[in-house]
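Working notes, beginning with the structure itself.
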Amino acid sequence: MQPEKGGAPGTSISAVLERITYANEETGYTIARVATERSGSELLTVVGPLLGAQPGESLRLTGRWTSHPRYGRQFEVWSYATVLPATVQGIRRYLGSGLIKGIGPKMAERIVDHFGTETLTVIETTPERLVEVPGLGPKRTKMIGAAWEEQKIIKEVMIFLQGVGVSTSIAVRIFKQYGEASISVVRNEPYRLADDVWGIGFKTADTIAQAVGIPHDSPERVKAGLRYTLSQAADDGHCYLPAPNLVADAVKILAVPAELTASCLEELVSEEGVVREEVPAGDGVVPAVYLLPFHRAELSLASSLRSLLNSSADRLGAFAGVDWDVALEWLAKRTGADLAPEQAHAVRLALTNKVAVLTGGPGCGKSFTVRSIVTLARAKKAKVVLAAPTGRAAKRLSELTGHEATTVHRLLQLRPGGDATFDRDNPLDADLVVVDEASMLDLLLANKLVKAVAPGTHLLFVGDVDQLPSVGAGEVLRDLLAADENVVPRVRLTHIFRQAQESGVVTNAHRVNSGLMPALEGMGDFFLFPCEEAEEIAALTVDVVANRIRRRFGLDPRRDVQVLAPMHRGAAGAGNLNALLQEALTPSREGMPERRYGGRVFRVGDKVTQLRNNYDKGTAGVFNGTVGTVVDIRPDDHRMTVLTDEDEHVEYAFDELDELAHAYAVSIHRSQGSEYPAVVVPLATSAWMMLQRNLLYTAITRAKKLVVIVGSRRALGQAVRTRGAGRRHTSLTHRLRPA
């Protein structure tokens, strides 16, 4: 609790939270409407840190009365505590809010009608009496009793955690991880939180650690800060950091002497928490510091690729003696089209080399080349396995080859914890493995995949190396292409076919990739709507998606149109656009259930995306970037169902909704591997640091039929002129060299 602010004593009021008007998940700032005994039917406005409070809860609010020049009198909340309601109406509202699993609005009414003001006492002390209520059997009664007990424990943990500065939403995650041990872990091992609890980084753990008395210069704190710095570097795509960079970056975060940081790094290395190794960089070598999983994965991936390349076995040995003129003539009759010379070269390469790479931009015939490779392999009765990093990419691969394709995760049958069913000891039964959208493969996933490829199997990576690198650490496709061609054979398709030249999407993708402004005159599938201010860009983007594209092209705004933003934050960022687009496309409707979690409201029909890998969900896990649609919300049993783009129904408990975000607008990074009929790209100068050529190129190449850029010509020019960020810190290319 915060009894006073700025030296002035606070005022306390008791109120029932009726509805949340706005909530910022990052800051906790909330605008809500509440009812008090004095206000009667008139609702009062309260503003402040209310994140975690749910409609229906009775609250004790501490703060002060203020007057807003536009909105009038309102209560500024400094802190709050939940209290149990005392009136029949309050109890009915509280129980019917969905807080207690097993009780929805109708059941709450029945329970309160039966027990009146004694309802909460009955649930607390004699929950077995709930069977007296019509429609409540022993099973549901037991569930309600257990949920009530859990709520009590959560409240105790919450009070402690709020006392050390933890927000309610973070406290819920801590409780989910540690249960009744939460207080002990937070008090004694606060830096564990950053490793164990998704969504808690070093900074939050550090704030908690200082609140429970961990010294600022504690070696435990410094080592946690070094691990955090390496983890942040991995989030930025790096497999390692040079030791001087690591120490300098950690010093900025920790505000401790460099000497202490360097000595703690030595301790970390000796404890085998991290690995240090001299690796080539530029014209010399650097002392590279890795987190253990990335070092192991890089060594393993390089070793597995070399083993495949050097294997004496060959499961496509039939192609070693093929008369290629005859084979390609047969293929042309089968497919109805001749291959261009570089395509024919790619076909031969894939079918006669154990590992190969096929790269090229849009309109250069990658898809037709892959189809030709698969057609010839299957003509020889070869077992062909097709995979891609995302569900959408796998669907597209299946459509173009006429052969079943799957995601890499499902192909490997990843189990809870992330271990794969198929690995070196249990390899895939395949003669040819084709991986599309290989630019998306990060180091950890690529390692799992290549380990599962049996000796003698041919492995073909297909992708556009000019697109953004993977979201995860590493840049596997670029590293393969940077290796010696005698080590990793490759073909780069460069010829743009005539039909593709007629497409504004394809033409402008190549112009942007070459550093030229997109051509706008006479293009029926590529448009620029110029405007300058971020708020204006956001409003126009919503209009283009919800109205203009539908009127002009007949495309469904939810199913066929995707907004791809350079950034998440800001007025024209994905976060704000999601709120605006949800209001335009899936507004609140009377009688339709919805569920608020933090700053988001989920409704039936919402387009959503998964934010982290969860190996325990679905039949084979649900992975970061998976997109789906909310098809059901059930307040009574606290669950929501999402139909993913892989046609799987996945259940989410209400306390798991932090794994989901709206996907009407997504960052360009998150769109990799997906393809949409229409793409809308908001470009504001406020995203200046993110405006890079490969970012814009990736956005354009996600579109099949239509691209609309909404925004500033200056921002567009900046994106075209600015080459992408420099290479990531990786050493896969070096490790692929012959010993």
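Which residue pairs have Cβ atoms under 8 Å apart, sit 6 or more places apart or on different chains, and have a first residue in region 580-592 that is in contact (Cβ under 8 Å) with a residue 40 or more places away in the chain and of a type outside the set (A, V, I, L, M, F, W, C) and a second that is assigned to a loop (DSSP other than H, G, I, E, B) and open to solvent by less than 70 Å² (accessible area, probe 1.4 Å)?
Listed by first residue and then by second, the contacts come to Gln582/Asp606; Gln582/Tyr664.
Within region 396-409, restricting attention to residues that are open to solvent by 50 Å² or more (accessible area, probe 1.4 Å) and either in contact with a strand residue (DSSP E or B) (Cβ under 9 Å, 6 or more places away or on another chain) or outside any loop (DSSP other than H, G, I, E, B) (or both), which residue is nearest to Val450 (Cα to Cα)? Explain how you work it out, then say what you get.
At the first step, the residues of region 396-409 found to be open to solvent by 50 Å² or more (accessible area, probe 1.4 Å) are 399, 402, 404.
Within this subset, residues satisfying the condition of being either in contact with a strand residue (DSSP E or B) (Cβ under 9 Å, 6 or more places away or on another chain) or outside any loop (DSSP other than H, G, I, E, B) (or both) are 399, 404.
Numbers: Glu399: 24, Glu404: 20 Å.
Only one residue tops the list, namely Glu404.
Go through (1) among the hydroxyl-bearing types (Ser, Thr, Tyr); (2) farther than 26 Å from Val172 by Cα; (3) open to solvent by 80 Å² or more (accessible area, probe 1.4 Å) for Thr125 and report which single condition fails.
Result: Thr125 passes all but (2).
Going through Ser300, Ser263, Ser312 one at a time, which residue ends up being assigned to a helix (DSSP H, G or I) and within 29 Å of Val488 (Cβ to Cβ)?
Numbers: Ser263 fails: within 29 Å of Val488 (Cβ to Cβ); Ser312 fails: assigned to a helix (DSSP H, G or I).
Step by step, each of Ser300, Ser263, Ser312 is checked, and only Ser300 is assigned to a helix (DSSP H, G or I) and within 29 Å of Val488 (Cβ to Cβ).
Filter region 373-395 down to residues that are assigned to a helix (DSSP H, G or I) and among the basic types (Lys, Arg) and give me whichever is modelled with the highest pLDDT. Spell out how you get there, then give the answer.
From region 373-395, those assigned to a helix (DSSP H, G or I) are 373-379, 391-395; that's our starting set.
Checking the rest, the ones that are also among the basic types (Lys, Arg) come to 378, 392, 395.
On the way: Arg378: 94, Arg392: 82, Lys395: 87.
Ranking the qualifying residues of region 373-395, first place goes to Arg378.
Is it the case that region 340-347 has a residue that's farther than 30 Å from Arg511 by Cβ and modelled with pLDDT of 90 or more?
No, region 340-347 contains no residue that is farther than 30 Å from Arg511 by Cβ and modelled with pLDDT of 90 or more.
Any residue in region 688-715 that's within 19 Å of Ala571 (Cβ to Cβ): show its pairings with residues that are assigned to a loop (DSSP other than H, G, I, E, B) and acidic (Asp, Glu) at Cβ separation under 7 Å, as long as the two are six or more apart or on different chains.
Every condition considered, the pairs that remain are Ser712/Glu532.
Pull up region 190-212, narrow it to residues that are modelled with pLDDT of 90 or more and assigned to a loop (DSSP other than H, G, I, E, B), then point me to the one that is farthest from the chain's Cα centre (by Cα).
For region 190-212, the residue satisfying everything is Pro190.
Go through Val679, Val707, Val720 for me and flag whichever is modelled with pLDDT of 95 or more, over 20 Å from the mean Cα position of the chain (by Cα) and not basic (Lys, Arg).
On the way: Val679 fails: over 20 Å from the mean Cα position of the chain (by Cα); Val720 fails: modelled with pLDDT of 95 or more.
After ruling out the rest, the residue left standing is Val707.
If you take the residues of region 201-249 that are within 26 Å of Asp442 (Cα to Cα) and of a type in the set (Val, Ile, Thr), which of them is surrounded by the most Cβ atoms within 10 Å (Cβ to Cβ)?
So the residue we want is Thr229.
Considering only strands (runs of 3 or more DSSP E) fully contained in region 578-683, which possess at least 1 residues that are under 30 Å from Pro49 (Cβ atoms) and hydrophobic (A, V, I, L, M, F, W, C)?
Details: elements: 594-597, 600-603, 607-610, 627-634, 639-644, 649-653, 660-662, 665-667, 676-683.
Passing ranges, in order: 600-603, 607-610, 627-634, 639-644, 649-653, 660-662, 665-667.
Within region 661-672, is even one residue of a type in the set (D, E, K, R), open to solvent by less than 10 Å² (accessible area, probe 1.4 Å) and in contact (Cβ under 8 Å) with a residue 24 or more places away in the chain?
Let us first name the residues in region 661-672 that are of a type in the set (D, E, K, R), namely 670.
Imposing the further condition that a residue be open to solvent by less than 10 Å² (accessible area, probe 1.4 Å) reduces the set to none.
No, every residue in region 661-672 fails to be of a type in the set (D, E, K, R), open to solvent by less than 10 Å² (accessible area, probe 1.4 Å) and in contact (Cβ under 8 Å) with a residue 24 or more places away in the chain.
Is at least one residue of region 250-269 touching a Leu at 6+ places or on another chain (Cβ under 9 Å), at pLDDT below 95, open to solvent by 50 Å² or more (accessible area, probe 1.4 Å) and more than 30 Å from Lys383 (Cβ to Cβ)?
no
Conditions tested, residue by residue: (1) more than 27 Å from the chain's Cα centre (by Cα); (2) surrounded by 20 or more Cβ atoms within 10 Å (Cβ to Cβ); (3) β-branched (Val, Ile, Thr); (4) under 15 Å from Ala663 (Cβ atoms).
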| position | (1), (2), (3), (4) |
| --- | --- |
| Asn508 | yes, yes, no, no |
| Arg511 | yes, no, no, no |
| Pro518 | yes, yes, no, no |
| Phe527 | yes, no, no, no |
| Glu535 | no, no, no, no |
| Ala572 | no, yes, no, no |
| Gln582 | no, yes, no, yes |
| Glu590 | yes, no, no, no |
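Phe553 fails exactly one of the following numbered conditions: (1) surrounded by 22 or more Cβ atoms within 10 Å (Cβ to Cβ); (2) over 19 Å from Arg713 (Cα atoms); (3) hydrophobic (A, V, I, L, M, F, W, C). What is the number of that condition?
Result: Phe553 fails condition (1) only.
Return the pairs, sorted by first residue and then second, in which the second residue is part of a loop (DSSP other than H, G, I, E, B) and aromatic (Phe, Trp, Tyr), the first residue lies in region 338-365 and is in contact (Cβ under 8 Å) with a residue 24 or more places away in the chain, the beta carbons are less than 7 Å apart, and the residues are 6+ apart or on different chains.
Filtered contacts from region 338-365: Gly363/Phe497; Gly365/Phe497.
Among the candidates His649, His729, His638, single out the residue that is touching a Ser or Thr at 6+ places or on another chain (Cβ under 9 Å) and open to solvent by 20 Å² or more (accessible area, probe 1.4 Å). Please lay out each step first, then the result.
Values: His729 fails: touching a Ser or Thr at 6+ places or on another chain (Cβ under 9 Å); His638 fails: touching a Ser or Thr at 6+ places or on another chain (Cβ under 9 Å).
Selected residue: His649, the only one of His649, His729, His638 that is touching a Ser or Thr at 6+ places or on another chain (Cβ under 9 Å) and open to solvent by 20 Å² or more (accessible area, probe 1.4 Å).
Of the residues Gly165, Gly137, which single one is surrounded by fewer than 17 Cβ atoms within 10 Å (Cβ to Cβ) and modelled with pLDDT of 80 or more?
Values: Gly165 fails: modelled with pLDDT of 80 or more.
Exactly one of Gly165, Gly137 is surrounded by fewer than 17 Cβ atoms within 10 Å (Cβ to Cβ) and modelled with pLDDT of 80 or more, namely Gly137.
Count, please, the residues in region 410-429 that happen to be over 25 Å from the mean Cα position of the chain (by Cα) and surrounded by 23 or more Cβ atoms within 10 Å (Cβ to Cβ).
0
If I go through region 472-489 residue by residue, how many of them are more than 30 Å from the chain's Cα centre (by Cα) and open to solvent by 40 Å² or more (accessible area, probe 1.4 Å)?
3
Consider region 97-122. How many of its residues are in contact (Cβ under 8 Å) with a residue 60 or more places away in the chain, outside any loop (DSSP other than H, G, I, E, B) and open to solvent by less than 40 Å² (accessible area, probe 1.4 Å)?
Number of matching residues: 1.
So which pairs qualify, if the first residue must be in region 211-229 and among the aromatic types (Phe, Trp, Tyr), the second must be in a helix (DSSP H, G or I) and surrounded by 22 or more Cβ atoms within 10 Å (Cβ to Cβ), the Cβ gap must be under 6 Å, and the two must be at least 6 apart or on different chains?
Close Cβ pairs satisfying both conditions: Tyr228/Phe202.
Report yes if some residue within region 321-339 is open to solvent by less than 10 Å² (accessible area, probe 1.4 Å) and within 26 Å of Val450 (Cα to Cα); otherwise report no. First the steps, then the outcome.
From region 321-339, those open to solvent by less than 10 Å² (accessible area, probe 1.4 Å) are 331; that's our starting set.
Of the ones still in play, those that are also within 26 Å of Val450 (Cα to Cα) are none.
Within region 321-339, none of the residues are open to solvent by less than 10 Å² (accessible area, probe 1.4 Å) and within 26 Å of Val450 (Cα to Cα).
Taking region 403-461 only, how many residues are small (Gly, Ala, Ser) and at positive phi? Working first, answer last.
First pass over region 403-461, keeping only residues small (Gly, Ala, Ser): 405, 417-418, 420, 430, 438-439, 446, 452, 454, 456.
The next check asks that each one be at positive phi; those that pass are 417-418, 456.
The total comes to 3.
Got a number for residues in region 45-74 being open to solvent by less than 30 Å² (accessible area, probe 1.4 Å), closer than 27 Å to Glu156 by Cβ and of a type outside the set (S, T, N, Q)?
Residues that pass the stated criteria total 10.
It is to be established whether one or more residues within region 77-87 are crowded, with 16+ Cβ neighbours inside 10 Å, outside any strand (DSSP E or B) and not β-branched (Val, Ile, Thr).
yes
Give the number of residues within region 410-449 that are among the hydrophobic types (A, V, I, L, M, F, W, C) and either more than 14 Å from Leu386 (Cβ to Cβ) or in a helix (DSSP H, G or I) (or both). Full working, then the answer.
Filtering region 410-449 for residues among the hydrophobic types (A, V, I, L, M, F, W, C) gives 411-412, 414, 420, 422, 428, 430, 432-435, 438, 440-441, 443-446, 449.
Still in the running and either more than 14 Å from Leu386 (Cβ to Cβ) or in a helix (DSSP H, G or I) (or both): 411-412, 414, 420, 422, 438, 440-441, 443-446, 449.
Counting residues in region 410-449 that are among the hydrophobic types (A, V, I, L, M, F, W, C) and either more than 14 Å from Leu386 (Cβ to Cβ) or in a helix (DSSP H, G or I) (or both) gives 13.
Name the residue, out of Arg129, Arg73, that is outside any loop (DSSP other than H, G, I, E, B) and in contact with a Phe, Trp or Tyr (Cβ under 7 Å, 6 or more places away or on another chain).
Within the list Arg129, Arg73, the selection yields Arg73.
The values are calculated or read from the model by the stated rules, or taken from the named source; none is laboratory data. Just so it is clear, the model here is predicted, and its values are computed rather than measured. Note: ideal-geometry Cβ built from the backbone for every residue, glycine included; neighbour counts use all protein chains shown. Just the protein is used for accessible areas: all its heavy atoms, side chains included, with ligands, DNA and RNA removed. Shrake-Rupley method; radii C 1.70, N 1.55, O 1.52, S 1.80 Å.
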